[in-house]
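Presented below is the structure to which this report refers.
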Amino acid sequence: MKLLRDTWLLYQRQLLLMWRSPIWLFFALAQPVTYLFLFAPFLQKALLPMGASTIQDAYNIYVPGLLVVMCFYTGLFAGFGLVAELRMGILERARVTPISRSALLLGRAARDVTAMLIQCALITILSVPFGLTVPLPNLLVAYALLTIIGLMAAAISYDIALTIKNENALGSLLNSIGQPIALLAGVLLPLAIAPVWIQKLALANPFSWATNSVRALFWGSLTDPVVWQGTLIVSVLAVVTVLLSVRLYSRNIR
Amino acid sequence: MIQANQLRKSYRTKRRRQTTTVDAVRGVDLSVTEGEIFGFLGPNGAGKTTTLRMLATLLDPDGGQAHIAGVDLRANPAGVRAVIGYVAQGGGTWDEVSAREELVLQGRMHGLSKAEAQQRTHAALQAFQLDEYGDRWCKTYSGGQRRRLDIALGVIHRPKVLFLDEPTAGLDPQSRAHMWEEVRRLRSEGMTVFLTTHYLDEADALCDRIAIIDYGRIVAEGTPEELKRDISGDVVMIGLDEPTTRAEEVLKDKRYVLKLESVGETGLRLYVDAGETAIPHVMRELNDNGITLSTIALHRPSLDDVFLTKTGRSLRES
């Protein structure tokens, strides 16, 4: 109960901060929008083997990948905000109060997930004029899955941030682990057109399962087995990583 | 109100694969009574902040014990947090939030209801003369306003003990004076204040009692007056137009001169109990013997002299 109250308290503060400096939204969207306008249009031919016969099909295959990579990267860079708050002394101020330590982290995580969902909604809306069509139930399930993906990425990022506590090192480290994970998740081009050895390697990448699930949902099949498989894998990992970062945080921030 | 026995803390630093241990605090004993402004004076790196952070539950001591308002620091840090307020050296607020919003949040982080937090915020903004700027964003605040907000945040839950880390570092003289007033006001409301400082005048003017720390150990403790009295009385410096031999002869057996040292060819340093009564005597004595004084000056011992006596260094140099 106290955990919920405290988390809500800090979530409200984080939302207020987000609202007060909306510039983050511009930076967060600049890259995905560029991809949407300048990369997606020439995908139609590349995606022919996947069954993309029209430009609409191409967008239905590409946009889910874009959403996954956006949530993944937004989450992965969430650690920066945490390190900044450490440096600003916000956490020190909070630490001498009886507030729940876990709430300090969860309030932040909730903000980061909210930011992701706003980005996802905007990208989805922007894709509609290009012919993106997706049934509403599928879209909602996809968003739930994206939330979990983002939460997991954020938790991983917090873990790393709490371990190294240095913004400069954090940037290059996150980039170097983010890139291969994103590529092996088939976010730019589906793995179905990748060499077999890459496809096999991707099986070990939970984000690849997640991408396949979201893509299946956008393609219209709520019942594709990959949907529940991907959801299960990502959910289990998200629970583990979040618990881990809450533990690490409580120990660091006491 | 604060009792510390043999508090210790060391840090391990790694450099070129060599681990060196730095003993930041090497056994600190402290006793602070209720309603007192206690100053912790020392040069940078002496262990002031480390001690403060240990007492404020932010750092685990490696050894020793402490009780704050009767609560065992190591056994019950959460209990200690309920009775203390802590204000760090700087920072601690978000830029794009107003003082009012920060104060309400701080109250709520301490478990107050929304209405109660708002009510206390209103009172705090008035008490700290911030109501005029209460709704402006923190990043627009001047140094003095910032520090007042920091302290207001630290006392929103009405703690028994307030820890202040360098409360006036970097402030202009006027803001410093204002800060001192705030600290005295809190004391008059019954709060015990424990602050660190490296300003001699601050320790002297503001604190009821001080402890001087150097290299992680307390080298002196008492009221500023006690400490200064302990090391010596006043010093009268005189300068003559002639060699000091005759003057030394005249002054050396006088009752009020504790000790006499020559400085160079024509200077004398007289250690006396009370400078203001010694000066007329000295002047008359020299005059009667036909010795001409060219300069005379009174030097009162400062806390810097205390520090110099105890550590062999000047605080201003370190």
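Scanning chain B for GluC sites (Glu not before Pro) in DSSP loops with at most 16 neighbouring Cβ atoms within 10 Å leaves B:190-264 as the longest stretch between them.
For the protein assembly as shown, the Cα gyration tensor yields ellipsoid semi-axes of 67, 24, 21 Å (square root of five times each eigenvalue, largest first, whole Å).
Relative contact order for chain B using alpha-carbon pairs under 8 Å, separation at least 6, rounded to a whole percent? Relative contact order here is 19 percent. For the residues B:51, B:21, B:168, a GNM of chain B with alpha-carbon springs under 10 Å puts the largest fluctuation on B:21. Build a GNM of chain B with springs between Cα atoms under 10 Å apart, and of B:73, B:286, B:41 the one that fluctuates most is B:286. Using a/c under 1.5 as the rounded threshold, could you call segment A:113-206 rounded, prolate or oblate? The axes a ≥ b ≥ c are square roots of the C-alpha gyration tensor eigenvalues, and prolate needs a/b larger than b/c, oblate otherwise. It is oblate, given that a/c is not under 1.5 and a/b is not larger than b/c. The fewest-to-most ranking of B:207, B:138 by surrounding Cβ atoms within 10 Å reads B:138, B:207. Computing FRET efficiency as 1/(1 + (r/R0)^6) for residue A:139 and residue B:72, where r is the C-beta to C-beta distance and R0 is 45 Å, gives about 0.20.
Exposure proxy ranking for B:68, B:2, based on other Cβ atoms within 10 angstrom of each Cβ and starting from the fewest, stands as B:2, B:68. For the protein assembly as shown, what is the mean residue ellipticity at 222 nm derived from helices alone (per DSSP H run of n ≥ 4: -39500 (n - 2.57); sum divided by total residues; nearest 500 deg cm²/dmol)? So the helix-based figure for the protein assembly as shown works out to -17500 deg cm²/dmol.
Contact order for segment B:233-300, expressed relative to its length and based on alpha carbon pairs under 8 Å spaced 6+ residues apart, stands at 50 percent.
Placing dummy labels 7 Å off each Cα toward the beta-carbon, the span from residue B:269 to residue A:126 is 7.5 nm.
Distance from the Cα centroid of segment A:102-131 to that of segment A:233-254 is 21 Å (rounded to whole angstrom).
Ordered by the number of other Cβ atoms lying within 10 Å of each residue's own Cβ, fewest first, B:302, A:213 fall into the sequence B:302, A:213. The calculated FRET efficiency for residue B:298 paired with residue B:140, based on their beta-carbon distance and R0 = 56 Å, is about 0.75.
The loop-placed trypsin sites (Lys or Arg not before Pro) in segment B:1-38, going by DSSP, that have at most 14 neighbouring Cβ atoms within 10 Å of their Cβ come out as B:16, B:17. Note: relative contact order over chain A, using C-alpha pairs below 8 Å and six or more positions apart, is 28 percent.
Each value in this text was obtained by applying a stated rule to the coordinates, not by laboratory testing. Please read these numbers as outputs of a predicted model, since none were measured by experiment. Counting neighbours? That spans all protein chains shown, and the Cβs are built from the backbone with ideal geometry, glycine included.
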